[in-house]
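Here the structure comes first, spelled out in structure tokens, and everything after it is commentary.
We did not get these values from a lab; they are worked out from the coordinates using the rules stated. Keep in mind it's a predicted model, so treat the numbers as computed, not measured. All Cβ positions, glycine included, derive from the backbone under ideal geometry; neighbour counts span all protein chains shown.
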Amino acid sequence: MELSKNYQPGTVEEKWYQHWMEKGYFRSTPDSRKPFTVVIPPPNVTGVLHLGHTLNETVQDILVRRARMSGFNACWVPGSDHASIATEAKVVDMLKREKGIEKSQLTREEFLKYAFEWKDKYGGIIYHQIKKLGCSCDWDRVTFTMDDHYYEAVIKVFVDLYNKGLIYRGARMINWDPKAKTALSDEEVEYKDLQGKLYHVKYAITNAEGTPTGEFITIATQRPETIMGDTAICVNPEDDRYKHLQGFYATVPLVNRRIPVIFDTYVDKEFGTGALKVTPAHDINDYNLGLKHNLEVIDTLNDDGTLSAAAVVFVGEDRFVARKKVIAAIDEAGLLVKEQEYTTRLGYSQRNPDTVVEPRISTQWFVKMADMAKPALDAVVNGDVNIHPGDRFLATYKYWMENVKDWCISRQLWWGQQIPAWYTNDGSFEVAATAAEAVAQFAKRGITVNAADLRQDEDCLDTWFSSWLWPMEVFNGISSPDNADINYYYPTSVLVTGQDIIFFWVARMIMAGLEYKEVKPFNDVYFTGMVRDKQGRKMSKQLGNSPDLLELIHQFGADAVRFGIMISSPAGNDLLFDDSSCDQGAKFGNKIWNALKLVKMWEQNQEMDQTNIAANHFAVKWFESRLREVQAEVESLHNDFRLSEGLKSLYGLIWDDFCSWYLEWVKPGFEQPIAASLYQQTVQFFEQLMQLLHPYMPFITEEIYQLLKVRSEDDSLMLLQFIKPEAPSHATLTEGALLKEVISSIREARQKHQIKPKDPIVLHIETKHENAFKQIESILAKQVNAKAVIYVEEAVPGCITLVVQKDKFYLGTETELDNSTQKETLEKDLVYLQGFLASVEKKLANERFVQNAKPEVVDVERKKKEDAEAKIKAIEESLKSL
């Protein structure tokens, strides 16, 4: 088989993914092995994979593939989330744009029919991308959060929590998204610091009889459009400026409504004017003041953010348009004192990032969180669930759980699980899974009602109320408890997710798992960092700085994209992504491909060796130790979830140690055959390298493994099991490191003195440890083109002199050397080393450093000092000989 000049990922990737799928290698069923279970954080059914997803799915696939190759029964469950707000918005937009239909013209059933059609049309896009990336998911287990069994599970949990007194319905101040026209939980509000304005407005004072006193009280507000909803002016009882207003009233501008002046220590008399307008319908603090002082609540906003009839003026105007008109009218009435620049913090809807959230009093459904949060907090603090990196996220998790608020779970949407509350005409309700069950519950209360007469709650549940059951319900653990899958696969092994949903999802899954399975949902949580562009900006559609995954794969190949995003991704930290890292991955693939071409050339030109040359060849001994060293290193890094560092170790091992050094050291002479034992050992090393790299770059490694091997067709690299490596020989590793350093130094010296590679040299070595070079002598001679290696006890005149570690090397050439050039080089080296030695000595002379630094760090500095002194002495002797 003739191999292509360069590695061509397109055809290879398509071929092997199809092969793995046909063979069923990704499928998992319970057996006697220990399970390794991962559930995919379900991406929105509306979306496509962005680079944050790409990082997340790549990390999961690395963990799953490595577990599968380590003897575990690996099960990776894919799926998607129905994403209530985002998907409903897309369907509403599609209906309006393509069919000219408004949502209000449809029944709930008609709308859901369109929504499911939309999901069926677009929902598979993200799965296609996950497959293109090479992810080894069990595609027989795809789960959607609106599947029948999942819907049943969500309703079952709602009813159960309600019956336990953990879910309640009530009027509370909540966050309202005027664009989506739905309530939001506190966690779905993102705050931004902005430059705004404070408007200082005068309110006329009247006495108890309503007679104007001629006095005004000034308030400062950021939201003049809510003035029409004011029901009091509040001042501090200790504020001497306003004590005389006890029992007096103020007049609301524009609507001329009389409101009381009230007194409460809540008001900071030093802030602003010391007087606060109280609008209970539009601010949580005002709402609490209103409850305390029994104030009227006047809601001046409609659900779409326009002014309601209760506002009296500018009815139907958008809130921000109304703001300008209110200020103009107040100014015209002579009641605007001044405008002041002001830094403020505004909450925006996470689902509609351009929409400012409104505080609004609304009757909603809530989950009591405090009791459920306590065991979920303990599980993490006690180490039952391990967070990685723990030093960064444990404190954040702890703070949120200790300050958790009740969770608003009702949404004014149709796309989602409909709340199972059933109402009679007089507003009485029962919570039950079905209307028939509700009828039975009403009967127990002595209320006779027919199912047909009951009205189900119009709201649906927050998307997160379904996804907090994900690790359980993907295995039907709620809808069908105690089945074989849930008992085998749960709790799952690792959750890989973004740090931005630690509260939305991670904390709530732990709560749900402890509530319904009485055990944590996963052993470890690994938080990936945020993917940013090379300027440090968060990638977004608005900025246009997020590359298309499929285009990247088309340009570089899936392996190169996986390499690119992982090599840039230190554990838990944000990563700066640049497609040059994908290019680096593609070049790495070509480097491996060229190594394969070299080894395949040797396959055709082998010579049987009875003495088993490989067994005693230094290059084999060294690379075997180097391979063992990196195998142990990668295993340790994986155990600590330091996957990027693991890839870097493998990159260095393959590119440098294998391709640049080992293959050169074992390469036969021009047109000479390679010893068969040496060839077989090289193939074995190559296979082991591909096995180590496979979780990171599955396609090229499988392709090379198949091209190297002589095995049955069913043998796949992705199923090849890791064998625990033996300990490396540190003595051999030290010799190998010395050999590389000497070869590099001699090559550099040859280049500096313009000695062509084809011109042979005589190499003289002055060393106190002659045996250190005996094993590596033949490789050294071949690599530097030395026709002879001679050991000497003193300087050899007329040679190029160099020092490596504590040994001196004299390069003899057939042409006469220019001593002045060599002297100049040695003098430069001497100046550098003297400066280096001075800096090390300064550090060691610092008592604080010596006392406080770790002993091993101090030892390293002492070794540097010793090495520098030896090199300086050798250079000084060489200069004397010149």
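Among the GluC sites (Glu not before Pro) found in the range 72-148, those both in a DSSP coil and sparsely packed, with 12 or fewer other Cβ atoms within 10 Å of their Cβ, are Glu102.
Shape of the range 581-636 from its Cα gyration tensor (a ≥ b ≥ c, root eigenvalues): rounded if a/c is under 1.5, otherwise prolate when a/b > b/c, or oblate? The shape class here is oblate. Across the cross-link table entries Lys587/Lys709; Lys99/Lys181; Lys113/Lys405; Lys591/Lys806; Lys758/Lys806, which are compared at the Cα atoms, the separations over 30 Å belong to Lys113/Lys405; Lys591/Lys806. Spin-label pair Ile125-Leu194: with each label point 7 Å from Cα along the Cα-Cβ axis, the two points sit 2.9 nm from one another. Averaging the sequence gap over all C-alpha pairs within less than 8 Å and six or more residues apart, then dividing by the number of residues, gives the chain a relative contact order of 12 percent. Cβ-Cβ distance of Glu770 and Leu733, R₀ of 25 Å, FRET efficiency by 1/(1 + (r/R0)^6): the value works out to about 0.80. Taking every alpha-carbon pair under 8 Å whose residues sit at least 6 apart, the range 745-881 reaches a relative contact order of 24 percent.
Restricting to lysines 8 or more places apart or on different chains, can you count the pairs in the range 182-359 with Cα atoms under 21 Å from each other? Pairs that pass both the separation and distance tests number 23. For chymotrypsin sites (Phe, Trp or Tyr not before Pro), the sites in the range 610-694 that DSSP calls loop and that have at most 13 other Cβ atoms within 10 Å are Phe670. Taking amide H as placed 1.01 Å from N in the peptide plane, the amide H of Val792 sits under 5 Å from that of Ile765, Glu766, Thr767, each at least 5 places away or on another chain.
Ranked by Cβ crowding within 10 angstrom, fewest neighbours first, how are Lys871, Lys724 ordered?
Details: Lys871 22, Lys724 9.
So the residues, fewest neighbours to most, are Lys724, Lys871.
Relative to the longest principal axis of the Cα atoms of the chain, the long axis of helix 51-68 makes an angle of roughly 60 degrees. Qualifying trypsin sites (Lys or Arg not before Pro) in the range 434-510, where qualification requires a DSSP coil assignment and no more than 15 other C-beta atoms within 10 Å, comprise Arg445.
Taken over the range 182-359, the convex hull of the Cα atoms encloses 122 Å³ per residue.
Amide H to amide H, with H built 1.01 Å from N, Ala83 comes under 5 Å of Val45, counting only residues 5 or more places away or on other chains.
Before anything else, pin down the relative contact order of the range 431-487: Cα pairs under 8 Å, at least 6 apart, normalised by residue count, whole percent. Dividing the mean separation by the residue count of the range 431-487 yields 17 percent. Taking each DSSP H run with n ≥ 4 as -39500 (n - 2.57) and averaging over every residue of the chain yields -13000 deg cm²/dmol at 222 nm.
Residues whose amide H lies under 5 Å from that of Leu413, counting only those 5 or more places away or on a different chain, are Cys460; hydrogens are built 1.01 Å from N in the peptide plane. The angle between the Cα long axis of helix 108-122 and the longest principal axis of the Cα atoms of the chain comes to about 10 degrees, rounded to the nearest 10. Counted by Cβ distance under 10 Å from Leu49, the other residues give a net charge of -1, where Lys and Arg count +1 and Asp and Glu count -1. Between Lys374 and Ser839, the modelled labels are 5.8 nm apart [label points 7 Å from Cα along Cα→Cβ].
Counting neighbouring beta carbons within 10 Å and listing from fewest to most, the residues His82, His764, His293 come out as His293, His764, His82. Of the residues Glu841, Glu225, the one with the fewest other Cβ atoms within 10 Å heads the list, and the complete ranking is Glu841, Glu225. Cross-link reach is defined here as a Cα-Cα straight distance under 12 Å, omitting same-chain residues fewer than 8 places apart; for Lys398 the aspartates and glutamates meeting it are Asp378. Cross-link pairs exceeding 29 Å in C-alpha to C-alpha distance, out of Lys103/Lys132; Lys648/Lys863; Lys667/Lys752, comprise Lys103/Lys132. Karplus-derived 3J(HN,Hα) values for the range 764-773, using 6.51 cos²θ - 1.76 cosθ + 1.60 with θ = phi - 60°, are 9, 10, 9, 8, 8, 10, 4, 5, 4, 9 Hz; glycine and proline are entered as x. Couplings 3J(HN,Hα) for the range 380-395, derived from phi with the Karplus relation 6.51 cos²θ - 1.76 cosθ + 1.60 (θ = phi - 60°), are 7, 4, 7, x, 5, 10, 9, 9, 10, x, x, 5, 8, 10, 5, 5 Hz, where x marks Gly and Pro. Applied to the range 723-728, the Karplus parametrisation 6.51 cos²θ - 1.76 cosθ + 1.60 on θ = phi - 60° returns per-residue 3J(HN,Hα) values of 10, 4, x, 6, 5, x Hz, with x for Gly and Pro. Helix 580-603 versus the longest principal axis of the chain: what angle, 0 to 90°, nearest 10, using Cα atoms? With rounding to tens, the tilt is 40 degrees.
The magnitude of the dipole of the chain, with charges of +1 and -1 set on the Cβ of Lys/Arg and Asp/Glu and taken from the Cα centre, is near 660 debye. Partners of Lys23 within straight-line reach, counting aspartates and glutamates whose Cα lies under 20 Å from its Cα and excluding those fewer than 8 residues away in the same chain: Glu13, Glu14, Asp31, Asp61, Asp138, Asp140, Glu702, Glu703, Glu713, Asp714, Asp715. With both labels modelled 7 Å from their Cα along Cα-to-Cβ, the Thr434 to Gln555 distance reads 5.6 nm.
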